[in-house]
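Peer 1: Please see the structure below; I have some questions.
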Amino acid sequence: MRAAISVALVLTLGLLAVGFPVTVVDDRGREIVIPAPPQRVVVAGVALYAQILVDLGAVDLLVGVTSSPDNPPQVEGLPEVGPAFSPSLEAIVALSPDLVLGAWGEVRDRLEELGLVVLTVGQPGGWLTGIPDVLDAIRTVGRAVGRAREADALCGRISEEIVRLEAQLLSLPPVRVAFLYMSAPDSPPYVVGTGTPEHELILRAGGENVFADLSGYPQVSLEELILRDPEVIITDPAQVENVLGSQALAGVAAVKGGRVYGIPASQVVSTRVAEVLRQLAELLHPEAFAP
Amino acid sequence: MKRAGVFGLLGLVGAGVLVLALLLGPGRLPAGEVWRHLVHPQPGASGTTIVHGLRLPRAVSGFLVGAALALAGGVMQGLFRNPLASPYVLGVAGGAAAGAAGVIALGAAAWGIPLGAAAGAFLAVGLAWWLASPTRGELGLILVGVALGALFSSITGLILFFTAGDRRFQEILFWTMGGLWRTSGWEVGVLAGVTGVGAGLLWLWGRRLNALALGEEGARHLGLHPRRLRGFLVGVATLLTATAVAFCGTIGFVGLITPHLMRLLLGPDHRVLLPAAALAGGVFLLAADTLARIALPPLELPVGIVTGLFGVPFFLYLVRRRVR
């Protein structure tokens, strides 16, 4: 009996090891070689990497994470290496990882100098700007930890959901949306322009970004927001009151119609992006989703 | 003798702090392990990486940067005979931040950032020196330097504004917060070289710096050329500060408080004051950095916060006791 279990174990490990060493391309366009299936993975960047590992059924490979409010519940109890924007080098090294995910900038340089394998995906610098980046992240990380099949399946599911959703919205006229962040009532908001994940979400959910002539996250005056008069305003859930409570914005269509909704930024770049997209589509086009 | 006492105490405390810096950290290695990895490094072992790759370079950098800043601060205070003078008074910090921010904004490689910072620092001071040249004495220089520092800070603010919402914004802010963990290998070597050379030169010129305390006329009567001397001293202080800032960002309070502390204890003779300030600055920053690392693991507090929180109260105590 024990012999049979050993054989099965060896076969499984062997199967997992098939395909290794794996070469993936990181955000800098550099080739990262993963010599063997990682057993001790540390997330030294945004929570997306932890989410991906959980969704790929690889959470048992995790030995450390950054402290982030967006971490999936399954990683609770794992040692923390500090905040995502400034993880502790020593805490990471002390966990003896064979793969570090998500480190960027000088932290990444130092870790690589010390001989660790670091994998970060997205735009150069590790910035994730939309759904293609999320799917690429899932696939790349999946390959790196020997879960390529599961990663492709997950990407397939997400893509399918998105395509199905977009088909439902094809013939509908776009709704004018402003996605913004306003830290206090009546303060000039930071609005979402092109090249951002929020912008992509608006377009795919059947909306039109009233600030599509700007790029990134510029700060605009309240007057500008009033002028562009969006029908719907999306912001962080904690800031919905700031928008609704702004005297200056009382005349804006979205505020008058009570169509100010909250979507947490952390969900926009996550493995839950298809669900968030559906949520947004239902808010923009309730008539298309009436039972 | 009092001087021997102060140096002896600094040496003892310094050694103690160095030991603590190597023993303590989020890696939580027992003392025996630390010693083992220190004397018998095993490439690939995480303990060796922590001790040799992380803690040791960081401790050495901390000491060198603290010494460099304290030396530069001491020189500035002696040159300008102004208790508010710090190593950054001539716009070095502003220029370095603008230089680093500019390099980051243009998307240059990581090794370009210290170069940009150093270039910005020297540009700021050079500009200050040139703009202040029609004036006599040191008042013009300090006023121009302060003004330029403000100008370069505004430029940095502008760069931050245009990169807001971008990864570059985070990188720039991060850089300005300062950190001793960035240096490794050759960078520590450069720091050591510059600090050593700077310290040596300042020690040789200690007596001349003393003479400057007599003012423009007094120094001239002693056969010195105040303007040229000021130029050399500013140059050395800027070299020390720019190197420290280029590698580790702007760390405050060390350069301002440490020379004052030593002056209160040992008097204004720069031949004694500057070496003591260097030693004290190094020990102080090393202690602050160790505390920053272990206070709230695994968070690492920016070391500039710790130097302020702990340095200032002790300094205030000494001022109230000694300044009559």
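The values are calculated or read from the model by the stated rules, or taken from the named source; none is laboratory data. These numbers come from a predicted model, not from an experiment. Here the Cβ is made from the backbone with ideal geometry for all residues, glycine too, and neighbour counts use every protein chain on show. Side chains are part of the model used for accessible areas, which takes the heavy atoms of the whole protein and leaves out ligands, DNA and RNA. Shrake-Rupley method; radii C 1.70, N 1.55, O 1.52, S 1.80 Å.
Peer 1: Taking beta carbons within 10 Å but only from partner chains, what does the mean come to for residues A:78-89? Don't jump to the answer; show the numbers that get you there.
Peer 2: Numbers: counts 0, 2, 4, 4, 6, 3, 0, 4, 8, 3, 10, 12.
That average works out to 5.
Peer 1: Okay, next question. Under the rule of at least 5 residues apart or a separate chain, name every residue whose amide H is placed under 5 Å from the amide H of A:R40.
Peer 2: Distant-sequence amide H within range of A:R40: A:D98, A:L99.
Peer 1: I would also like to ask the following. Per residue, how many Å² of accessible area does the protein assembly as shown show with a 1.4 Å probe? Kindly include the intermediate steps, with their values, before the conclusion.
Peer 2: Values: 26880 Å² over 615 residues.
So the protein assembly as shown comes to 44 Å² accessible per residue, rounded to a whole number.
Peer 1: Dividing the alpha-carbon Rg of the stretch A:199-248 by 2.2 N^0.38 Å yields what? Could you put the intermediate results ahead of the total?
Peer 2: Numbers: Rg = 11.6 Å, N = 50, 2.2 N^0.38 = 9.7 Å.
That works out to 1.19 for the stretch A:199-248.
Peer 1: I want to verify the translational diffusion coefficient of the stretch A:172-289 in µm²/s; compute it with Stokes-Einstein, Rh as the Kirkwood radius over Cα pairs, at 37 °C and 0.692 mPa s. Don't jump to the answer; show the numbers that get you there.
Peer 2: On the way: Rh = 13.9 Å.
Result for D is 235 µm²/s.
Peer 1: Calculated FRET efficiency, A:D60 and B:L158, Cβ-Cβ r, R0 35 Å, to nearest 0.05? Write out the running numbers ahead of the final one.
Peer 2: Details: r = 48 Å, r/R0 = 1.38.
Using R0 = 35 Å, I get an efficiency of 0.10.
Peer 1: Tell me, what is the percent relative contact order of the stretch A:19-155, built from C-alpha pairs under 8 Å that lie six or more residues apart?
Peer 2: On the way: 258 pairs, mean separation 37.7, N = 137.
Relative contact order of the stretch A:19-155: 27 percent.
Peer 1: For chain A, what are the per-bin percents of Cα-Cα distances with bins 10 Å wide, up to the bin holding the maximum?
Peer 2: Per 10 Å bin, starting at zero, the Cα-Cα P(r) for chain A comes out as 6, 25, 28, 22, 13, 4, 1, 0 percent.
Peer 1: Take peptide A:90-102, look around each residue's Cβ out to 10 angstrom, count Cβ atoms belonging to other protein chains, and average those counts.
Peer 2: Mean partner-chain Cβ count within 10 Å for A:90-102: 5.
Peer 1: Rounded to the nearest 500, what is the 222 nm mean residue ellipticity of the protein assembly as shown from helices alone, with -39500 (n - 2.57) per DSSP H run of 4+ residues and division by all residues? Walk me through the numbers on the way to the answer.
Peer 2: Working: 26 runs with 354 residues, N = 615.
So the calculated ellipticity at 222 nm is -18500 deg cm²/dmol.
Peer 1: What spacing in nm lies between the two simple spin-label points modelled at A:I5 and B:H225, each 7 Å away from Cα in the Cβ direction?
Peer 2: Each label point is offset 7 Å from its Cα along the Cβ direction, giving 8.8 nm.
Peer 1: Could I ask something else about it? Could you sort A:269-278, B:223-232, B:250-259, A:146-155 so that the peptide with the highest average Cβ count within 10 Å comes first and the rest follow in order? Before the final figure, lay out each step's value.
Peer 2: On the way: A:269-278: 20.1, B:223-232: 14.7, B:250-259: 27.4, A:146-155: 18.0.
Top of the packing list down: B:250-259, A:269-278, A:146-155, B:223-232.
Peer 1: Between chains B and A, what is the buried accessible area summed over both chains (1.4 Å probe, protein heavy atoms, nearest 100 Å²)?
Peer 2: Values: alone 15320 and 13880 Å², together 26880 Å².
Using a 1.4 Å probe, the pair buries roughly 2300 Å².
Peer 1: Still on this structure: Among the residues of the stretch B:163-184, which ones have their accessible area go down by 50 Å² or more when all the protein chains sit together, as opposed to their chain alone (1.4 Å probe)?
Peer 2: Residues shielded by partner chains are B:G165, B:R167, B:F174, B:W181.
Peer 1: If you don't mind, another one. Once you order the gyration tensor axes a ≥ b ≥ c over the Cα atoms, which shape class does the stretch B:50-197 get: rounded for a/c under 1.5, otherwise prolate or oblate by comparing a/b with b/c?
Peer 2: Values: a/c = 2.33, a/b = 1.20, b/c = 1.94.
Here the stretch B:50-197 falls in the oblate category.
Peer 1: Let me ask something else. Please find the FRET efficiency linking B:E217 to B:R3, where r is the Cβ-Cβ separation and R0 is fixed at 30 Å, and quote it to the nearest 0.05.
Peer 2: On the way: r = 31 Å, r/R0 = 1.02.
That pair, B:E217 with B:R3, gives E of 0.45.
Peer 1: Determine Rg/Rh for chain B; Rg is computed over alpha-carbon atoms and Rh is the Kirkwood hydrodynamic estimate from the same atoms. Numbers along the way, then the final one.
Peer 2: Details: Rg = 20.0 Å, Rh = 20.3 Å.
Result: Rg/Rh = 0.98.
Peer 1: Next up: For the stretch A:19-155, what does the equivalent ellipsoid look like in terms of its semi-axes, each the square root of 5 times an eigenvalue of the Cα gyration tensor, given largest first in whole Å?
Peer 2: Equivalent ellipsoid of the stretch A:19-155: 19, 17, 15 Å, largest first.
Peer 1: If you take each beta carbon of peptide B:42-55 and count the beta carbons of other chains within 10 angstrom, what is the mean?
Peer 2: Numbers: counts 0, 1, 2, 1, 9, 3, 2, 9, 6, 1, 1, 8, 8, 1.
Taking the mean over all residues of the peptide, I get 4.
Peer 1: In whole percent, and with a 1.4 Å probe on the protein chains, what portion of the accessible area of the protein assembly as shown is carbon and sulfur? Walk me through the numbers on the way to the answer.
Peer 2: Numbers: 17520 of 26880 Å².
Ligands and nucleic acids excluded, carbon and sulfur give 65 percent.
Peer 1: Would you mind pulling out the separation of the Cα centroids of the stretch B:49-101 and the stretch B:205-220, in Å?
Peer 2: Here the answer is 25 Å between Cα centres.
Peer 1: Report relative contact order for the stretch B:65-323 in percent, whole number only (criteria: Cα-Cα under 8 Å, sequence separation at least 6). Before the final figure, lay out the partial values.
Peer 2: Details: 403 pairs, mean separation 81.5, N = 259.
Over the stretch B:65-323, the number comes to 31 percent.
Peer 1: What shape does the stretch B:1-45 take by its C-alpha gyration tensor, where a ≥ b ≥ c are the square roots of the eigenvalues and a/c under 1.5 counts as rounded, a/b above b/c as prolate, and the rest as oblate? Before the final figure, lay out the partial values.
Peer 2: Values: a/c = 4.57, a/b = 2.82, b/c = 1.62.
In terms of gyration-tensor shape, prolate.
Peer 1: Distance from the Cα centre of the stretch B:233-299 to that of the stretch A:231-291, in angstrom?
Peer 2: Comparing the Cα centres of the stretch B:233-299 and the stretch A:231-291, I get a distance of 52 Å.
Peer 1: A further question on this structure: Order these peptides, B:114-126, B:303-315, by their mean beta-carbon neighbour count within 10 angstrom, highest first.
Peer 2: Numbers: B:114-126: 22.8, B:303-315: 18.2.
Ranked from most to least packed, the peptides come out as B:114-126, B:303-315.
Peer 1: Any residues in the stretch B:298-315 that have 30 Å² or more less accessible area with all protein chains than in their chain alone, probe 1.4 Å, and which are they?
Peer 2: By number: B:P298, B:L299, B:E300.
Peer 1: Output the DSSP H helices from chain B with an along-axis C-alpha extent of no less than 30 Å and a mean Kyte-Doolittle hydropathy no less than 0.0.
Peer 2: Membrane-span-like by this rule: B:2-23, B:56-80, B:139-162, B:226-248, B:270-294.
Peer 1: To the nearest 20 debye, what is the magnitude of the charge dipole of the stretch A:201-280 about its Cα centre, counting +1 on the Cβ of each Lys and Arg and -1 on the Cβ of each Asp and Glu? All intermediate terms of the calculation are to be shown ahead of the outcome.
Peer 2: Numbers: 6 positive and 9 negative charges, 62 e Å.
Roughly 300 debye for the stretch A:201-280.
Peer 1: Right, here's the next one. Where a ≥ b ≥ c are the square roots of the eigenvalues of the C-alpha gyration tensor, would you call the stretch B:225-324 rounded, which needs a/c under 1.5, or, failing that, prolate if a/b is larger than b/c, or oblate? Walk me through the numbers before you get to the answer.
Peer 2: Values: a/c = 2.69, a/b = 1.32, b/c = 2.04.
Cα axes put the stretch B:225-324 in the oblate bin.
Peer 1: Something else about it: Using just the C-alpha positions of the protein assembly as shown as equal point scatterers, what log10 of I(q)/I(0) does the Debye formula give at each q in 0.06, 0.07, 0.08 1/Å?
Peer 2: These q points yield log10 I(q)/I(0) values of -0.41, -0.55, -0.70.
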